[in-house]
Amino acid sequence: MIEIPLPPCLFAKEYLHNMTEKQLNLYDRLINEPSNDWDIYYWATEAKPAPEIFENEVMELLREFAKNRNKEQRLRAPDLEYLFEKPH
């Protein structure tokens, strides 16, 4: 994987700390198996249908996150410090 468009990396910051092992495995597969990173973006925004293999609870969470119902500004990738913070 070369580059993740903004919604998936912001999604990771928001959700990784609270995911179950199963969800983490599904997320790992989602971000590492597709050959085109933009496919993840298109699936999350429902611009294109996701392959059946990626239709799961993590994709549902990612799609909901991509809707940005709280109208948050999502202009840049998060700093990586969140990886070292304790879950809230």
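What to note about this one:
- Ordered by solvent-accessible area of protein heavy atoms (1.4 Å probe), largest first, the residues Arg69, Arg63, Arg29 come out as Arg69, Arg29, Arg63.
- Counting heavy atoms of the protein chains alone, Ile31 has an accessible area of about 30 Å² for a 1.4 Å probe.
The values are calculated or read from the model by the stated rules, or taken from the named source; none is laboratory data. On a predicted model such as this, the values are computed, not experimentally measured, just so you know. For accessibility, only protein heavy atoms count, side chains too; no ligands or nucleic acids. Shrake-Rupley method; radii C 1.70, N 1.55, O 1.52, S 1.80 Å.
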